[in-house]
Structures are given as structure tokens and as C-alpha cells.
Amino acid sequence: MLYTKRSGMITDVCNMAVHVVCGVNLDGKREVLAIEPMYEESETSYTALFERLKKRGLKNVWLVVSDAHQGLISAVQKSFVGCSWQRCKVHFMRNILAYIPAKEKETFAAKLKQIWEQPDYQSAKCYAELLSEEYQARYPKAIEVLMNGLEDSLQYYEFPEIDPGKISSTNILERLNKEIRRRSKVVGIFPSMDSYLRLISCYLMEYAEDWETSRCYIRKEILQQILARKKAA
């Protein structure tokens, strides 16, 4: 929550989204690339964000992982031509499980999870089709959601050299966001956007320092191999 003051009086209180963009550089280290307020979530606002990052030197974007916001997806396709978009498998599973009765969720979720634990793309597709055949009659809406979004959730298989757990979901951001919410809840209402951004920035700087001194998130040699492959394509 934020509020602004004019002439010593509170004139406005509003909820405000702040977008955090993280990436992995060619040395295999994680970085915080942007912390920006977002007054609206649209293709225009996301495109503007990505173009600012490109002007700052961002390049070699091979895969963007996010939830299924259409404006964001369109912006990725526009700003990073040739880049793949990976639908976060965790968010995707939640979308599917929303159409499964509570008493069946655990059993179905265990089978559903197996899709993204297959050794390769074709195996994942085949398993999903078998699951679809098994449950189509019982849970048609859940299966419809699964099959409509399946392809976008399997893009990480394009990079078999990388541990799937590191590029198939937004878990890195979820951990950051959880801690941001915890810290900002202590303050409650902020006097300005700048004060909120200062708090978030200080916190994320701590994370960035830890990332810089910790072991590589993805081995540098693997990223160099992918870079060479992309250049040769």
C-alpha cells in the first residue's frame, strides 16, 4: 500500500505493483536486472520495460519464464525476437488443479507432475496425451486447460544441458516476492513510491551480493555451449 501527501494532507491511497526482473548472465550468475513500478500490466508497459533493459545492454535472451499474462507474452515476442517463452509450470499446475475436486487433487497432481519430470520433450508430450485420455471424460475442463497450455510449459526442453528445475518455473522470483511482502507488511503504508522502491532495492542488493559470491546457478561452460549453438543456427 502507498499513499501520497499534498500540502501535508493524505490525498490518495492505492495498491501498486512493482515488477522485479531477474536473469542469469553468461558467467552463470543470477542478477537483478530491474525493479520498476508498474502502473498497469499491459503489452505496452511490458514492452517499454524490456526496451529499457535492451538499451542498458541486455542481450542474448534465450528464454523468459513467467506466468501466463498475455501482455507480457506479446511483449516478449516483440522485444526479444527468437526468444522462447516458458510458462511457469507451478502456476500452470495450479490453473489445472483448480478444476479438480478437492478429494481427487492429490492423486491427480501426482500424475500431472510427472509430465515435467520426463527425460525429454517427446516423452513429456506422450505422457500428457496419456493423462488426457485417462481423465478427459471425468475432468474435461482441466484437460482442456492442460492441452491448451502444454506446449508453452515445455519450452525448457530446448535447453537439455540445464537442470530443468532452474528454468521451468519462477521459483527464484517467488522467493524474492515472498520476502518483499514480508518486509513491506511491517511498514504497511508507504509515504511514496520512492520510499517503497528504496526498501525493495536495499533488500534485493543483499540478495544480489549473495548471488555474486555464491556458486554459479548454471555452469558457465554450459551457457557458452548454448551461445555457440545459437550463433551457429
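None of the figures in this text is laboratory data; all of them are computed from the coordinates on show. Here the structure is a predicted model, which is why all the values come from computation and not from measurement. We place every Cβ from the backbone using ideal geometry, glycine too, and count neighbours over all the protein chains shown.
For the residues VAL65, VAL187, VAL21, a GNM of the chain with alpha-carbon springs under 10 Å puts the largest fluctuation on VAL187. Taking every alpha-carbon pair within the chain, the share separated by more than 32 Å comes to 30 percent. Taking every alpha-carbon pair under 8 Å whose residues sit at least 6 apart, the chain reaches a relative contact order of 27 percent.
Which of ARG181, ARG30, ARG87 moves most in a GNM of the chain, Cα contacts under 10 Å? Of the options given, ARG181 has the highest mean-square fluctuation. Annotation: amide H-H contacts under 5 Å for PHE80 (H modelled 1.01 Å from N, sequence separation of 5 or more, or interchain): none.
Axis angle, to the nearest 10 degrees, between helix 140-153 and the longest C-alpha principal axis of the chain: 70 degrees.
Diffusion of region 89-167 by Stokes-Einstein, at 37 °C in a medium of 0.692 mPa s and with Rh set to the Kirkwood radius over alpha-carbon pairs, works out to 256 µm²/s. When the GluC sites (Glu not before Pro) in region 67-161 are filtered for DSSP coil states and for at most 13 other beta-carbon atoms within 10 Å of their beta-carbon, the remaining sites are GLU161.
Could you work out the per residue convex hull volume over the alpha carbons of region 19-76, in cubic angstrom?
On the way: hull volume 4.8 nm³, N = 58.
Considering the Cα atoms of region 19-76, their hull volume per residue is 83 Å³.
Modelled this way, with points 7 Å down the Cα-to-C-beta line, the labels at ARG198 and LYS113 are 4.4 nm from one another. Over all other residues within a Cβ to Cβ distance under 13 Å of GLY71, the charged ones net out to -3, with Lys and Arg as +1 and Asp and Glu as -1. For region 220-233, backbone phi angles converted through the Karplus equation (6.51, -1.76, 1.60; θ = phi - 60°) give residue-by-residue couplings of 4, 4, 5, 5, 5, 5, 5, 4, 4, 5, 5, 5, 7, 5 Hz, Gly and Pro being listed as x.
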